[in-house]
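Shown next, in structure tokens, is the structure this report addresses.
Coordinate-derived values only; no laboratory data. Remember, predicted model here, so these are calculated numbers, not experimental data. Quick reminder, even Gly has a Cβ in these numbers, built from the backbone with ideal geometry, and neighbours come from all protein chains shown.
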Amino acid sequence: MPTLIATVGAADANSYETLAEANVYMDERVPLATPWVASGDASIRALIMATRVLDAMALPHRTLCKEQSPQQYYYTSRQWTGSPASATQRLAWPRVGMFDKNGNSLDVSISGNTVASPTVITTAVKHGRTTGDSVFITDSDSVPVIDGTHTITVISTTKFSIPVAVTTAGTAGKVSWIPQALKDMESELAGQLLMADTTLDSAVIVGGIKSVKAGSVAVTFKDAIDRHVLPDAVLNLGPQSWFTDELVEPALRAQFDVVS
């Protein structure tokens, strides 16, 4: 059985959520055609694959579409906005410069952390976290630094503690985390991948099919057929501000003037 690693910001993470968190989502969802198994090997593999698919949105994919239309054009897929919280994390999230559906930031700055064990961290704005949440800290300047993944104990709307003994107080740093909406996207995609693997190449595209005929009825595709890896049910769980727009632009041939 593969191992699910959901440590926020880790260099070996392969999932944005634990199996237990995915099970909570599935318990509240309308049952899938292919039943979700709360402790099954297939469910773990589906979560890992769903994370890979979501992670691919960290980079834009530009495709030249030319099969069905006389006018060739480039299609650039949507991608995540914001940027990774660190250069060492394996996955695209946590990210900075992102907001939830209510406009709350998904990262906050640290204004200070105390000399204590556990150290108490004060954030510049309300952090919106609850006790037991996992957060990822970067760019701290206390001794020792408190960078890394921590489980927090909330003290107030702008204070929480982490189990680290600090000997010299800090005055800087950034806190980020994995938003619930992203975990829901992973759960939904994992469930749908168990029903149909949309990551596989479409037989229609591979075969170059441009029209379909059944008896006297024939249909010709005006535009290129594009595979739909991410179902709308997955995309709709994330705020629109998380995604760039899909871009379609004509692939114009270069024109040159001959100068004698």
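Relative protection proxy for 235-241, 29-35, 90-96, 178-184, from highest mean packing down: 90-96, 178-184, 235-241, 29-35 (other beta-carbon atoms within 10 angstrom).
Full extension of the chain between Ser111 and Asn236 yields a length gain of 41.5 nm, computed as 0.36 nm times the residue separation minus the alpha carbon distance.
Extent of the stretch 107-176 along its three principal axes (Cα atoms, max minus min coordinate, largest first): 26, 19, 18 Å. Per-residue Cβ neighbour counts within 10 Å put Val166, Val217 in the sequence Val217, Val166, beginning with the fewest.
Which FRET efficiency value, to the nearest 0.05, is calculated for Ala124 and Thr3 with the Förster distance at 41 angstrom and r the Cβ-Cβ distance?
Efficiency, from the Cβ-Cβ distance: 0.65.
Of (i) 45; (ii) 33; (iii) 40, which is the value of percent of Cα pairs over 29 Å apart derived from the coordinates here? Step by step, percent of Cα pairs over 29 Å apart for this structure corresponds to label (i).
Of the residues Ala87, Ala42, Ala172, the one that moves most in a GNM of the chain with alpha-carbon contacts below 10 Å is Ala87. Take the Cα of Val248, step 7 Å toward its Cβ, do the same at Glu28, and the gap between the two points is 3.6 nm.
Close Lys pairs in the chain, defined as Cα atoms under 25 Å apart and 8 or more places apart or on different chains, number 15.
Straightening the chain between Ile155 and Asp100 buys 17.5 nm, computed as 0.36 nm per residue apart minus the Cα-Cα spacing.
Label separation (Ala172 vs Thr131): 3.3 nm, computed from points 7 Å beyond Cα along the C-beta direction.
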